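The values are calculated or read from the model by the stated rules, or taken from the named source; none is laboratory data. Fair warning: this is a prediction, and the values are worked out from it, not measured in the lab. Here the Cβ is made from the backbone with ideal geometry for all residues, glycine too, and neighbour counts use every protein chain on show. Quick note on the areas: whole protein, heavy atoms, side chains included, nothing else; ligands and nucleic acids left out. Shrake-Rupley method; radii C 1.70, N 1.55, O 1.52, S 1.80 Å.
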Amino acid sequence: MTTDLQGLTRERVGVSRKFGLIAAPLAAIAYPWTLRAFNVAAVESLEPSRPAHLALWLGAALFLALAFAIPLVGLLASLRLARIAGPTAAERRAELVALIVVAAPAIYTFLGVVDYMTNSPLPDEWAFALLWAVLIIAVAVSPDRPCPIASAAVAPAALRVAHGVAAIAILAVFLGFHLVNHLAGLIGPDAHRSLMKSVHAIYGSAVVEPLLVAVLLFQVASGSFLASRHLRASADPFRFFQIASGVYLAVFILGHMNSVFVYARSWSNPPIVTDWSFATSEAWGGLIRSGWSNRLIPHYAFGVFFVVAHMGAGLRMAMIGHGLPERWANRAMIGVATAAFLLALAIMLGMCGVRLDIG
Ligand code: HEM
């Protein structure tokens, strides 16, 4: 292996490497169309008048899997770029853009709601594609030579602790109820609705709700600041997953609150009741049949998975901070992430029509 021009190794020059810098945002551009293809195949396979074809079911499963794979492409691409020693300015920017690709499902939903509310002439798929095209150009025009990296400033301990304490408060007052509420979808819409009535009385009260919103906005702001500090500190996969899940949550929480508080409760006339029908787009045929609401399947699924797994990453740091072996801390995080995956799967199966027969 020879080194030449400013420490660039041979394999870091050439088309494939350049393609590697923009592969993740290019994949993100395809995201809306993977969902569209899923919708076409799923609606066809659910059509009672036509015999169910295995090919249609497989097609629907394949396209949904592709949609779910795009945030993972962003995560892996960003982690790979974060591990380059002495990165160029283009590589650093590519790492950040790939990290934003992790949030593609939440960005597409947020954009879709804003597009609908502003009655924008530009269809949301094209607005979405335009966003990634701009980011691809931003990477492509960045100078491809090593750029000095300012040493990573340590994140203020008080802010880390405040972020952790706020997370526990959100979990205790709201999120625990909210996620169990959505699990009730497996029993049925009535169970979901009646449980929401009870838990809404807690987090929807005139005192708690504004506090909840304020604390969630604090989480987004403090989390973004902490992520900016940690990004260059280390590229260990556990830490990287913590940052990437935080990026997803920052967009998800802002977008989800926009859907609930702004779109449904303030902008819509008459206001939309934010219950099961709203969450599952019942009025539009449900999450599978509605061409718009398909996007809510990865959006919600990653929202649940990342919020629980992100707290698992916080637990890992707390365990390491209290002197417990890193091996244990890693296992605890993997355990929480596995539980998060199963919880997200169960909730989404319920929201897509699967029912537990509890007799
Ligand atoms: C399957 C996933 C989810 C679905 C289907 C969902 C759906 C909903 C629905 C229907 C509401 C209105 C509730 C009400 O009127 O009481 C709501 C409110 C809300 N959701 Fe979610 N949500 C999900 C996940 C999350 C997650 C992961 C978070 C946080 C990280 C979150 C944060 C919020 C907040 C802050 C509110 C406003 C609560 C209020 O009314 O004061 N949601 N969501």
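Brief remarks follow.
- Positive-end extreme of charge dipole, the chain - chosen from 82, 203, 122 (charges on Cβ): 82
- Restricted to Cα atoms, region 234-299 shows a radius of gyration and a Dmax of 15.5, 50 angstrom.
- Between 0 and 90°, nearest 10: helix 157-170 axis offset from the chain longest Cα axis: 20
- Fully extending the segment from residue 165 to residue 284, taken as 0.36 nm per residue of separation minus the present Cα-Cα distance, adds 38.9 nm.
- Only protein heavy atoms count here; under a 1.4 Å probe, residue 182 has an accessible surface of about 30 Å².
- For region 47-192, dividing the convex hull volume of the Cα atoms by the residue count gives 227 Å³ per residue.
- Taking packing as the residue-averaged number of other Cβ atoms within 10 angstrom, the listed peptides 71-84, 241-254, 110-123 run from highest to lowest as 241-254, 71-84, 110-123.
- Annotation: average projected area of region 25-82 is 4.0 square nanometres, based on the convex hull of Cα atoms across all directions.
- Residues of the chain: accessible area per residue with a 1.4 Å probe, Å²: 49
- Size descriptor, Kirkwood hydrodynamic radius, that averages inverse alpha-carbon separations across the chain, Å: 22.0
- Long-range tail of P(r) for region 257-359 (Cα pairs > 23 Å, %): 45
- Length gained on full extension, residue 141 to residue 208: 19.4 nm, using 0.36 nm per residue less the C-alpha separation.
- Against the chain, whose longest principal axis comes from its Cα atoms, helix 189-203 is set at around 60 degrees.
- Percent carbon-and-sulfur accessible area, the chain, ignoring ligands, DNA and RNA, probe 1.4 Å: 73
- Relative contact order (percent, whole number), the chain, Cα cutoff 8 Å, 6+ residue spacing: 19
- Take residue 263: with every protein chain present and a 1.4 Å probe, its accessible area is about 30 Å².
- Rg over Rh, two decimals, region 112-234 (C-alpha only, Kirkwood Rh): 1.11
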